[in-house]
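Q: Quick one: structure below, then a few questions.
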Amino acid sequence: MTSAQRSVHMARIKGANTVPEQVVRKILHGQGYRFRLQWKAAPGRPDVAFPGRRRIIFVNGCFWHQHEGCKIAHIPATRSEFWQAKFDRNRLRDARNLAQAAAEGWHALVVWECETRDIFKLAARLSEFVGPVRLGRS
Ligand SMILES: [Zn+2]
């Protein structure tokens, strides 16, 4: 492995529990929701899933998923071809997962890393997307 490949590999491992994901989970917990993590039964294994509501949430790192027009999403100056190819694959995979999810009747929400900085705004968006809290159910 080259060092760039290694860092991609490491980021993928770390990617299972990133800070933006923790922020989203904390807000949802605080709002009283129950949910599943890394739900395998939905396309793209969404970070947060509400199977009973048919709703899924992807928390995307702005760099890895190349958030359009976002400051965090710059292409590194060195080995830029390697990164471009990597990012293109990520974006293609994201688009495919969202299309597949919609085809299977899932409602999907994408939360970008940079959107987790405004917790109040995010909290409002999350509860609007998920809907009223129901006791004892996801
Ligand atoms: Zn962003």
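Q: Determine whether Glu104 is modelled with pLDDT of 95 or more, acidic (Asp, Glu) and more than 22 Å from Val19 (Cα to Cα).
A: So Glu104 fits the description; yes.
Q: Of all residues in region 107-128, count the ones that are away from the ligand (no atom under 16 Å from the Cβ), of a type in the set (A, V, I, L, M) and either within 16 Å of the chain's Cα centre (by Cα) or within 16 Å of Arg53 (Cβ to Cβ) (or both).
A: Number of matching residues: 3.
Q: Continuing with this model, one more query. When you check Glu68 against the structure, is it out of contact with any Lys or Arg (no Cβ under 8 Å at 6 or more places or on another chain), of a type in the set (Asp, Glu), in a helix (DSSP H, G or I) and at pLDDT below 95, yes or no?
A: Here the answer is no, as Glu68 does not meet what is asked.
Q: Next question. How many residues does region 82-99 hold that are closer than 13 Å to His67 by Cα and charged (D, E, K, R)?
A: Selection size over region 82-99: 3.
Q: A follow-up question, please. Scan region 100-117 residue by residue and report those that are farther than 18 Å from Gly69 by Cα and surrounded by fewer than 13 Cβ atoms within 10 Å (Cβ to Cβ).
A: Hits for region 100-117 are Ala102, Ala103, Glu104, Gly105.
Q: Kindly indicate whether Arg125 is assigned to a helix (DSSP H, G or I), free of Cβ contacts under 8 Å to residues at least 40 places away in the same chain and surrounded by 14 or more Cβ atoms within 10 Å (Cβ to Cβ).
A: Working: assigned to a helix (DSSP H, G or I): yes; free of Cβ contacts under 8 Å to residues at least 40 places away in the same chain: yes; surrounded by 14 or more Cβ atoms within 10 Å (Cβ to Cβ): yes.
Here the answer is yes, as Arg125 does meet what is asked.
Q: If we keep just the residues of region 9-48 that are surrounded by fewer than 17 Cβ atoms within 10 Å (Cβ to Cβ), aliphatic (A, V, I, L, M) and part of a helix (DSSP H, G or I), which is modelled with the highest pLDDT?
A: Per the criteria, the residue is Val19.
Q: Of all residues in region 59-103, which are within 15 Å of the chain's Cα centre (by Cα), within 16 Å of the ligand (Cβ to nearest atom) and of a type in the set (D, E, K, R)?
A: Correct list: Glu68, Arg91, Asp94.
Q: Determine which member of the set Phe63, Phe87 is more than 25 Å from Gly131 (Cα to Cα), at pLDDT below 95 and assigned to a helix (DSSP H, G or I).
A: Phe87
The values are calculated or read from the model by the stated rules, or taken from the named source; none is laboratory data. A quick note: this is a predicted structure, and the numbers were derived from the prediction, not measured. Here Cβ is always computed from backbone atoms with ideal geometry, including for glycine, and neighbour counts include all displayed protein chains.
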